[in-house]
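*Asks:* Next up is a structure, given as structure tokens.
We did not get these values from a lab; they are worked out from the coordinates using the rules stated. The structure displayed is predicted, hence computed values, not measured ones. Because the Cβ atoms are built from the backbone with ideal geometry, glycine has one as well, and the counts that use them run over all protein chains shown.
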Amino acid sequence: MTRAERIELLKKAAQERILILDGSWGTMIQQKKLEEADYRGERFKNHTHPLKGDNDLLCLTRGDIVTALHDLYYGAGADISETNTFNATAISQADYALEGAVRDMNLAAAHLAREAADRWTAKEPHKPRFVAGSIGPMNRALSISPDVNDPAKRSVTFDAVYAAYREQALALHEGGVDLFLIETVFDTLNAKVAIKAILDLEDEGYERLPIWISGTITDRSGRTLSGQTVEAFWNSIKHAKPFAVGLNCALGAEMMRPYIDELSRVADTLISAHPNAGLPNAFGEYDERPHQTCAMLHEWAEHGLVNILGGCCGTTPEHIAAIAKAVEGLPPRRVPSRPRALRLSGLEPFELLA
């Protein structure tokens with residue numbers, strides 16, 4: 001099956017039912033209790049910096065673990081699984097002095113995910129599986145100063161962020177992903193750079209892939225970390241004509257619901273949500289059980305708010321299986337047709353009807 005055929009299948013499936021995304025990768029990898037040697041493997045045996053905790057590196061050193069996690073999530077009912085590349089950019093990997101391994105990480109991650117997806121599609125042709133190239137927010141922000149005494153200071157430049165995202169997007173594209181997932185967006189400017197890097201690939205002759213963008217509301221203020229409301233965030237990125245837009249991380253389903261409701265009202269594309277398993281406890285662990293998460297997401301689906309559901313921090317294959325079962329047979333949200341208007345954004349949205 002060609003990638004173009006898979007993309008058409010993905011779009012068709014999204015019209016017919018609520019699609020299921022996988023759950024947390026970090027949570028599942030932490031359960032493995034891996035040691036430094038697992039991260040180093042043979043290739044990085046003599047690397048100068050500690051590598052424990054660099055989960056993206058496992059695509060090169062413990063591919064068996066990455067493949068097993070794809071299988072667990074596909075087996076739980078996920079239609080889409082993400083590549084294990086949330087921090088696989090030169091800027092984020094600089095913390096481990098692994099900038100030179102970034103391309104290989106992304107290629108390996110895409111290949112592992114592609115192989116797993118194709119295997120499950122062959123096994124269950126009535127339920128094709130898809131691969132989303134995960135593009136995280138980076139550990140540097142273009143809109144936020146790292147120094148409270150110097151609001152104009154930045155720890156990174158636009159050009160550096162662009163180069164890092166382009167390298168990642170190109171490797172994921174070449175590795176065979178079906179779509180890009182720009183996720184956990186806390187700084188919209190970083191996301192806009194990622195969007196540009198992806199769209200520029202098309203200008204260079206690469207096959208166009210769907211773009212899925214997922215922001216994160218950091219607290220009860222209802223804003224991203226860079227200060228935007230949900231509607232302002234949508235106005236900022238709608239020019240990309242994303243396949244889907246949504247929210248993930250930071251909040252559990254209970255606290256995320258009003259913001260998904262708002263996004264569902266204003267966005268004329270598919271709506272996604274992959275919330276945390278509640279909020280972390282005093283030990284940084286997540287206590288919300290699968291039956292609790294799926295009950296809330298079932299209500300969202302019943303009210304026609306969503307097209308894609310999955311899980312973020314603290315969620316497991318058991319959570320994903322429960323979510324898939326809870327929304328099975330429920331119709332996906334109908335994409336609204338909004339009146340023509342001038343829509344702008346700063347921290348707040350501005351709308352001028354025609």
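*Asks:* What label, among (i) 142; (ii) 130; (iii) 186, belongs to volume of the Cα convex hull per residue in Å³ computed from the structure on display?
*Replies:* Correct label is (i).
*Asks:* Normalised by the residues of the range 93-158, what does the relative contact order come to in percent, with Cα pairs under 8 Å and at least six apart?
*Replies:* In percent, rounded to a whole number, it is 17.
*Asks:* With unit charges on the beta carbons (Lys and Arg positive, Asp and Glu negative) and the dipole taken about the Cα centre of the chain, which residue among L60, I182, A341 sits farthest to the positive side?
*Replies:* Towards the positive end, the residue furthest out is A341.
*Asks:* Computed FRET efficiency, Cβ-Cβ of E16 and L199, R0 22 Å: what is it to the nearest 0.05?
*Replies:* That gives a FRET efficiency of 0.20.
*Asks:* Sequence gap of 8 or more, or different chains, plus Cα separation below 25 Å: how many lysine pairs satisfy both in the chain?
*Replies:* Lysine pairs satisfying the spacing and distance rule in the chain number 24.
*Asks:* Do you know the relative contact order of the range 3-353, to the nearest whole percent, from alpha carbon pairs under 8 angstrom that are 6+ apart? Spell out each step's value before the answer.
*Replies:* Details: 721 pairs, mean separation 64.8, N = 351.
Reported as a whole number, the value is 18 percent.
*Asks:* Search the structure for amide H atoms under 5 Å from the amide H of V185, placed 1.01 Å from N in the peptide plane, and list their residues when 5 or more places away or on another chain.
*Replies:* Long-range HN contacts for V185: S214, G215, T216.
*Asks:* On to the next question. Can you figure out the FRET efficiency of N139 with L9, using R₀ = 22 Å and their beta-carbon distance, to the nearest 0.05?
*Replies:* With a Förster radius of 22 Å, E is 0.05.
*Asks:* For the range 213-230, what does the Karplus curve 6.51 cos²θ - 1.76 cosθ + 1.60, with θ = phi - 60°, yield as ³J(HN,Hα) per residue in whole Hz, taken in order and with x for Gly and Pro?
*Replies:* 3J(HN,Hα) across the range 213-230, in whole Hz: 10, 10, x, 9, 8, 7, 6, 6, 5, x, 10, 6, 5, 7, x, 8, 6, 4.
*Asks:* Specify the inter-centroid distance of the range 230-298 and the range 1-68, based on alpha-carbon positions, in whole Å.
*Replies:* So the two Cα centres are separated by 22 Å.
*Asks:* Say the dipole of the range 100-247 comes from +1 at the beta carbon of Lys and Arg and -1 at that of Asp and Glu; which of S221, H239, A117 then lies farthest toward its positive end?
*Replies:* Positive-end residue among those listed: S221.
*Asks:* Another question about this same structure. If you restrict to DSSP beta bridges whose two residues both lie in the chain, what percentage is antiparallel, to the nearest 5?
*Replies:* So the antiparallel bridges amount to about 20 percent of the total.
*Asks:* Also, I was wondering about something else. Cα centroids of the range 304-344 and the range 179-197: how far apart, whole angstrom?
*Replies:* Comparing the Cα centres of the range 304-344 and the range 179-197, I get a distance of 20 Å.
*Asks:* Rounded to the nearest 20 debye, what is the charge dipole size of the range 3-353 about its Cα centre when +1 sits on each Lys and Arg Cβ and -1 on each Asp and Glu Cβ? Provide the component values of the computation, followed by the final result.
*Replies:* Working: 38 positive and 48 negative charges, 118 e Å.
The dipole of the range 3-353 has a size of about 560 debye.
*Asks:* Sum up the charges of everything whose Cβ sits under 13 Å from the Cβ of L347, counting Lys and Arg as +1 and Asp and Glu as -1, but leave L347 out.
*Replies:* Once positives and negatives cancel, what remains is -2.
*Asks:* Ok, one more. Treat each spin label as a single point 7 Å out from the Cα along the C-beta direction, and report the K325 to E348 distance in nm.
*Replies:* So the two model labels end up 4.7 nm from each other.
*Asks:* Given a Förster radius of 30 Å and the C-beta distance between F158 and H47 as r, what FRET efficiency does 1/(1 + (r/R0)^6) yield to the nearest 0.05?
*Replies:* With R0 = 30 Å, the Cβ-Cβ based efficiency is 0.50.
*Asks:* May I ask you to sort C312, C294 by Cβ crowding, counting other Cβ atoms within 10 Å and putting the fewest first?
*Replies:* The order, fewest Cβ neighbours first, is C294, C312.
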